[in-house]
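Participant: There's a structure below that I have some questions on.
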Amino acid sequence: MLPKITREAVLDIVLSAKKAPVLCVDTTASLVILGNICTMQGGLKKPHWVEAIAVNDGIIVYCGTEEGVKSYIDCNTEVINTGEGMCLPGFQDAHVHALAGATKEFQCNVSLCKSLEEALIQIRTYVESNPKLCWIKGFGFSPSWFGDSVPSASVLDSCTKGKPASFYCFDGHSMWVNTEAMKIAGVTKTSPDPPGGIIQRDEKGDPVGFFFRKCCIHI
């Protein structure tokens, strides 16, 4: 019977591999960075700090002391000293919203519009071209179109012919809706902000038609 491999044993192997020296046939580096460098190898609670890293052809070939990195430097190596600054690993995020991306293909896309006026013309055209739609849905508006103001239901009312309408912001974290949409959703002056969301209100406390984060799922 094969011996049982525990989680702890696998973790020990991984950590040992991380501590092993990096072997590289070409000991020179195209780039060397000196300074306060956090590798995040120990996570947020015990971050790992080094004085230098060496990079060759996009691969980190050395991570350690300033003295140790000297052997990787030649006349062609670019050396960057961060001084009192700090060097961190890049924040990489690759993900997709497959369902949302697909449904957007059947909605009113205003993401290429350069102004509010242009967007309203496109929305009005979309509404007229799709008379059978019960609810006008779209995406891609920019809060910058409204200057010092915020997206309001009354503006969207002007081009949606009384039909409920809701548009996601280009970043997907806020929503612009019209009066009919708020009416159907039951959003009133007395409606509390849901956990994780904010209902934008005017000076009287009335919802203006602009919702943030978790509020959007209720529309």
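Participant: For a test of the definition: using alpha carbon positions, the gyration tensor, and the 1.5 limit on a/c, classify segment 153-203 as rounded, prolate or oblate.
Facilitator: Taking the square roots of the gyration eigenvalues as a ≥ b ≥ c, segment 153-203 is oblate.
Participant: Further question on the same structure: Ignoring ligands, DNA and RNA, what percent of the accessible area of segment 54-137 is carbon or sulfur (1.4 Å)?
Facilitator: So the carbon and sulfur contribution to the accessible surface is 58 percent.
Participant: Considering only Cα-Cα distances, which of the following residue pairs are longer than 27 Å: Lys163/Lys189; Lys45/Lys214; Lys104/Lys161; Lys104/Lys163?
Facilitator: Lys45/Lys214
Participant: In addition: Give me the angle, in degrees from 0 to 90, between the Cα long axis of helix 7-19 and the longest principal axis of the Cα atoms of the chain, rounded to the nearest 10.
Facilitator: 70 degrees
Participant: So if we plug the beta-carbon distance of Met40 and Lys70 into 1/(1 + (r/R0)^6) with R0 = 25 Å, what FRET efficiency do we get, rounded to 0.05?
Facilitator: The value I calculate is 0.50.
Participant: When a/c reaches 1.5 or more, the comparison of a/b and b/c decides; with that in mind, is segment 87-148 rounded, prolate or oblate per its Cα gyration tensor?
Facilitator: oblate
Participant: Length gain on complete extension for the stretch Glu105 to Glu51, per 0.36 nm per residue less the alpha carbon to alpha carbon distance?
Facilitator: Full-extension gain reported as 14.5 nm.
Participant: Run the numbers on the chain and let me know its relative contact order in percent, using alpha-carbon pairs under 8 Å that are six or more apart.
Facilitator: Computed over the chain, the figure is 12 percent.
Participant: What's the angle, to the nearest 10 degrees (0 to 90), between helix 116-129's Cα axis and the longest principal axis of the chain?
Facilitator: So the inclination is approximately 60 degrees.
Participant: State whether segment 123-216 is rounded, prolate or oblate according to the following rule on the C-alpha gyration tensor (a ≥ b ≥ c being the square roots of its eigenvalues): a/c under 1.5 gives rounded; otherwise a/b larger than b/c gives prolate, and the remaining case gives oblate.
Facilitator: prolate
Participant: What number comes out for accessible area per residue over segment 36-163 if the probe is 1.4 Å? Units Å², please.
Facilitator: 67 Å²
Participant: How large is ³J(HN,Hα), in whole Hz, for each residue of segment 30-47 in order, when computed from phi with the Karplus curve 6.51 cos²θ - 1.76 cosθ + 1.60 and θ = phi - 60°, using x for Gly and Pro?
Facilitator: Each residue's phi maps through the Karplus curve to give 7, 9, 10, 10, 10, x, 8, 10, 9, 8, 6, 4, x, x, 6, 6, 9, x Hz.
Participant: Taking the structure as given and computing volume of the Cα convex hull per residue in Å³, which label from (i) 296; (ii) 145; (iii) 277 fits?
Facilitator: (iii)
Participant: Using amide H atoms built in the peptide plane, which far-off residues or other-chain residues are under 5 Å from Ile136 H to H?
Facilitator: Ala165, Ser166
Participant: Would you grab the residues whose amide H sits under 5 Å from the one on Asn56? Only those 5+ places off in sequence or on another chain, please, with H modelled 1.01 Å from N.
Facilitator: Ser30, Val61
The values are calculated or read from the model by the stated rules, or taken from the named source; none is laboratory data. Bear in mind the structure is a predicted one, so any value in this text is a computation, not a measurement. Methodologically, a virtual Cβ is constructed for each residue, glycine included, from the backbone with ideal geometry; neighbour enumeration extends over all protein chains shown. Areas reflect the complete protein model, heavy atoms only, side chains present, ligands, DNA and RNA absent. Shrake-Rupley method; radii C 1.70, N 1.55, O 1.52, S 1.80 Å.
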